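Here is the structure we will look at, set down as structure tokens.
The values are calculated or read from the model by the stated rules, or taken from the named source; none is laboratory data. Predicted model, so just to flag it, every value in this text is computed and none were measured. Quick note on the areas: whole protein, heavy atoms, side chains included, nothing else; ligands and nucleic acids left out. Shrake-Rupley method; radii C 1.70, N 1.55, O 1.52, S 1.80 Å.
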Amino acid sequence: MIDVLRQPAVLGLLMIVSFMTLIMTRRLSAITALILTPVVFGLLAGAGAGVGEMMVKGVTDLTPTALMLAFAVLYFGLMIDVGLFDPLVRLVLRTVGDDPVRVTVGTALLATIVSLDGDGATTALVTISAMLPIYRRLGLNPLILALMLGICASVTNLLPWGGPTARAASALGIDQSLLFLPMMPTMLAGLGFGVLVAYGLGLAERKRLGRLALRPLPLAETQADSPADPGEDLSARRPRLFVFNLALTIVLMVGLLSGLAPLPVLMMCAFAIALIVNYPALKLQRERIAAHADNVVNIVLLIFAAGAFTGILSGTGMVSAMASSLVAAIPPELGPYLAPITALIGMPLTFFMSNDAYYFGILPVIAETASHYGIPPEAIARAALTSLPIHALSPLIAAIYLVCGLLEVDVGALQRFALKWAVASSLVMIAAALASGAFLFRVG
């Protein structure tokens, strides 16, 4: 019995189950579980002193990812500080007026814009602060606001600095640009579907309420009635540098999409330029960095901890052993279709599992299994990312409680209202990914 338990495949399975149990029951944080769980099981596997080398190798492999994410969070946080997105927010608020259709579509567009920084809490605070007074004034269903946040912000998380994409790339050792660029049509399809849903729900609300003969809500009144973001610093705004910041962001996005330079280099340079131009004084520079330090530290620690986890999982041979066992269990005729199968099974898995458990625990095993059928790991990673709209409704994530708290709605009510649309959004993304070749049935 002991010999069976010490087999790499069994140990790997027990390691993943233990890791998922610890973070789902909140016995340990994701960071501590990612570090301690593999150390214990690595020692049980007989790796001995080699555990340290495996951890260092795993962390070293993920250093470029950690660099890119750290400076992406700093850059886009800085762009929000300086007010780059303020004109877009004002435009949305002035455009929506008193028409339910315009309000719901405007919500989808605003959520998409604000979520570009990859911070779900910021997206929720800014979007709800701007739109909730309008929803209340017109009597619109606040669950629509929550749904638009869930669909649009989760699809935008496909960006290279988004949390799920970063986790998938880290877990499988894939460059973010290789993972993201083929997913652009899928992301656009997901966002288009979100706008289409917003339009349909807006029509339904217009029919229910009628087009209200009310004057558009002035921007000043909207901001006065909105719940304030306690972390907002209006003194950090730089309206006179709007053109410069917009041009810099456009150049950065062009560089990211064209592969002009490695992603970490582009992000580091863009942040340094933006910081110097917007805040020439060293004191102000330190204040802006400190304002976003918590987000940066949490992300970097998570990535490095993930490197330790994946380093031991791979170095001890657990992944290979589990994949071999899974290969033996899968009917040969289904093996070449593991990418779309992963997309479909990921829908329930990501609802009942945290991102850390799914991307660091399950995805490497599926990717290793798929490699036996000639399917590259990036195809499996892209397939896994199509279930993001469903994960946004998971009871295991903090964002849903933040949104429901701000809107004063019940979590269960939101899930009942939004789940069917989230499933439809994932199916649309799967169809778009298959049509665009983001992941294939087979290769070769």
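What shape does segment 257-311 take by its C-alpha gyration tensor, where a ≥ b ≥ c are the square roots of the eigenvalues and a/c under 1.5 counts as rounded, a/b above b/c as prolate, and the rest as oblate?
On the way: a/c = 4.13, a/b = 1.37, b/c = 3.02.
Oblate is the answer for segment 257-311, as a/c is 1.5 or above yet b/c matches or exceeds a/b.
So for the chain, what percent of the C-alpha to C-alpha distances run longer than 30 Å?
Numbers: 45228 of 98346 pairs.
Here the tail beyond 30 Å accounts for 46 percent of pairs.
So what are the radius of gyration and Dmax for the Cα set of segment 63-185, in Å?
Expressed in Å, the Cα Rg and Dmax of segment 63-185 come to 15.8, 49.
Using Cα pairs under 8 angstrom and six or more residues apart, how large is the relative contact order of the chain, in percent? Please report the intermediate quantities before stating the final value.
Numbers: 649 pairs, mean separation 122.5, N = 444.
Relative contact order for the chain comes out at 28 percent.
For the chain, which whole-number percentage of the solvent-accessible area (1.4 Å probe, protein heavy atoms only) is attributable to carbon and sulfur atoms? Let's see the in-between values first.
Details: 12960 of 18800 Å².
That share works out to 69 percent.
Measure nothing but the geometry: give the 0 to 90° angle between the long axis through the Cα atoms of 86-96 and the longest principal axis through the Cα atoms of the chain, rounded to 10°.
Long axis of 86-96 versus the principal axis of the chain: about 60 degrees.
What does the accessible area per residue of the chain come to in Å², with a 1.4 Å probe and no ligands, DNA or RNA counted? Mind showing how you got there, number by number?
Working: 18800 Å² over 444 residues.
That works out to 42 Å² per residue.
Between the helical axis of 142-156 and the dominant principal axis of the chain, each derived from Cα atoms, what acute angle in degrees is found, rounded to the nearest 10?
Approximately 50 degrees, to the nearest ten.
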